């Protein structure tokens, strides 16, 4: 076994058949693990997603968005039975060791090169334990080690007014500013709410921003979110909702669907959030709590999030 940091990998393997990953992030919640990887290719990487999803018992679900792979997994050990073309690559072990997550990737031929040498060069990787080098027809196997992070999803609503502003753009710019301050901004999801809501500005949407952060940075992330929104919002109704972890409670999803399909009141939003242990924060007012909480329940289901429910 050889232990190599990203810079050492880049120095050792500068061959034309090495394509470094852009970034690798790993979030943990109990025995659940979410791995986010930014592959060097775009649609070509769908082959890898197919192999991983079908060959790895530790992967519960997976999807690709551009060159971003998201694997929802669980901790454990499930050795792969590698076979060219059919079972060419996957994950055979995931362990959490203190503040590190160790994921063992294995693959044949090119997939074996990607297992450690390409993946290990990505931003976010601390080091890899190179178990088998791979290349050609050989097996490649490596333990990729990343910091243990946690997921924080922030719902945002009511930042605009009738004649100015846009919540989706303000929320995205908020995410970019937080990214520039060192927080890992992962995604921006628009959630369509009830189109006949009399309180709406126009299109009636709220936003969910997702972040991957160390445990000791969560409070700072939320504090900075409130500070930036207070500075930039145009509305006296702005609020946020904060969901921590990898699970969406079923009651939260039901609340989101109800808020898409009919009127919802602040009292129900507050009661639901309290029951589920979700923080609701009035930045400049309470009305935004309704949509901010609704954004959280559908942040991982973009097709459902954008649907328009019309009871007119």
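Values computed for the structure shown
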quantity	calculated
Rel. contact order, % - alpha carbon contacts under 8 angstrom, at least six apart, the chain	16 percent
Theoretical ellipticity at 222 nm over the chain - DSSP helices of four or more residues, -39500 (n - 2.57) apiece, nearest 500	-8000 deg cm²/dmol
Residue list for the range 105-125, given a label point 7 angstrom along the Cα-to-Cβ vector of residue 138 and an amide N cut-off under 11 Å	109, 113
For the range 1-77: rounded, prolate or oblate by the Cα gyration tensor [a/c cutoff 1.5]	oblate
Centroid-to-centroid separation of the range 64-115 and the range 248-299 [C-alpha atoms, Å]	36 Å
Computed E for residue 46/residue 271 - FRET, C-beta separation, R0 30 angstrom, nearest 0.05	0.10
Order of 99, 216, 57, 158 - criterion: other Cβ atoms within 10 Å of each residue's Cβ, fewest first	216, 99, 57, 158
Relative packing of peptides 25-33, 226-234 - highest average C-beta neighbours within 10 Å first	25-33, 226-234
Burial order of peptide ranges 122-134, 273-285 (average beta-carbon count within 10 Å, highest first)	122-134, 273-285
Cα-based shape type of the range 2-147, given that a ≥ b ≥ c are square roots of the gyration tensor eigenvalues and the cut on a/c is 1.5	rounded
Cβ crowding within 10 Å averaged over residues, with 10-18, 245-253 ranked highest first	245-253, 10-18
Prolate/oblate/rounded label for the range 150-305 (Cα gyration tensor, a/c 1.5)	oblate
Neighbour-count ranking [beta-carbon atoms within 10 angstrom, fewest first] of 47, 168	47, 168
Residues 222, 94, 75, sorted so that the one with the fewest Cβ neighbours within 10 Å comes first	75, 222, 94
Entry for percent of Cα pairs over 38 Å apart (calculated from the structure that is shown) out of [x] 19; [y] 22; [z] 5	[y]
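We did not get these values from a lab; they are worked out from the coordinates using the rules stated. In this text the structure is predicted, and so the values were computed from the model without any measurement. Don't worry about glycine lacking a Cβ; one is built from the backbone with ideal geometry, like all the others, and counts go over all protein chains shown.
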